[in-house]
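**Q** One structure follows; several queries about it will come next.
Just so you know, all these numbers are worked out from the coordinates, no wet-lab data involved. Note that the structure is a prediction, hence the values are computed from the model and not measured.
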Amino acid sequence: MADERLDLLQGTLDLMVLQTLSTMGSLHGYGIARRIEQVSGNLLILNQGTIYASLVRLQQNGWIDAEWGASENNRKAKFYSLTRNGRKQLATQAENWDRMAMVMNRLFGIAAKGADT
């Protein structure tokens, strides 16, 4: 299974975090990481340093806010939520991702057809 895990493309983690917060609402960093892993079918495994670097970057850009609260096990945790600017950024990044995926699908479609001839 370890050989099947995926490496993240640069910039995709931020998009995944924004989408997770948009879908799930306010979450702490550990919860965000576990949700991304769950949705990926455990093909992505995120360490704390990776997720927190993304959260700091997104907060510095004004795309997420943070607020202290209590986690499910009553521990102090920072909960992150999407800002209005974060919603706009998510829409922009999702549109860019869709366009890039379309290009990649076309390229792989052409490559597959070219291999048949």
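**Q** Could you derive backbone 3J(HN,Hα) for segment 30-41 from the dihedral phi with the Karplus parameters 6.51, -1.76 and 1.60 (θ = phi - 60°), listing whole Hz in sequence and x where the residue is Gly or Pro?
**A** 4, x, 5, 4, 5, 5, 4, 4, 4, 5, 6, x
**Q** If you don't mind, another one. First obtain the Kirkwood hydrodynamic radius of segment 2-116 from its Cα pairs, then insert it into the Stokes-Einstein equation at 37 °C and 0.692 mPa s, and state the resulting D in µm² per second as a whole number.
**A** On the way: Rh = 15.5 Å.
Answer, rounded: 211 µm²/s.
**Q** Quick check: residue separation of E95 and S22 times 0.36 nm, minus the Cα distance between them. What number comes out in nm? Can you show the working numbers first?
**A** Numbers: separation 73, 0.36 × 73 = 26.28 nm, distance 1.52 nm.
Computed gain between E95 and S22 is 24.8 nm.
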